[in-house]
1. Kindly state, to the nearest 0.05, the FRET efficiency for residue 70 paired with residue 37, given R0 = 25 Å and r defined as their beta-carbon distance.
2. What is the projected area of the convex hull of the Cα atoms of the chain, averaged over all directions, in nm²?
3. If I stretch the segment between residue 24 and residue 48 completely, what's the gain in nm (0.36 nm per residue apart, minus their alpha carbon distance), one decimal?
4. Comparing 18, 57, 47, which has the greatest mean-square fluctuation in the GNM of the chain with Cα pairs linked when under 10 Å apart?
5. So how do 7-17, 72-82 stack up, highest first, on mean other-Cβ count within 10 Å?
């Protein structure tokens, strides 16, 4: 009876392991890298927002970034809406 139970649960365990290593683990790694990038932002860095704007940071605050666009417009962007650091 125990052998039959293990045999029937084995495919589920294998499926969960595949799901973990192909989906969950890479997503967690990407979230850690994004969080580290957000914490390392400083004045003068160029960033890309989720809306696709490329702007330069002029002031770093706890939850917001004050940024300047190419036409010298000054904007405040929530840290959550920073997609990536822009590298020229």
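1. Computed FRET efficiency for residue 70 and residue 37: 0.70.
2. Working: hull surface 32.4 nm².
Result: a mean projected hull area of 8.1 nm².
3. Working: separation 24, 0.36 × 24 = 8.64 nm, distance 2.54 nm.
Gain in length upon complete extension: 6.1 nm.
4. 18
5. So the peptides 7-17, 72-82, ranked by packing, come out 72-82, 7-17.
Values in this text are rule-based calculations from the coordinates and carry no lab data. These numbers come from a predicted model, not from an experiment. Cβ atoms come from the backbone with ideal geometry, glycine included; neighbour counts cover every protein chain shown.
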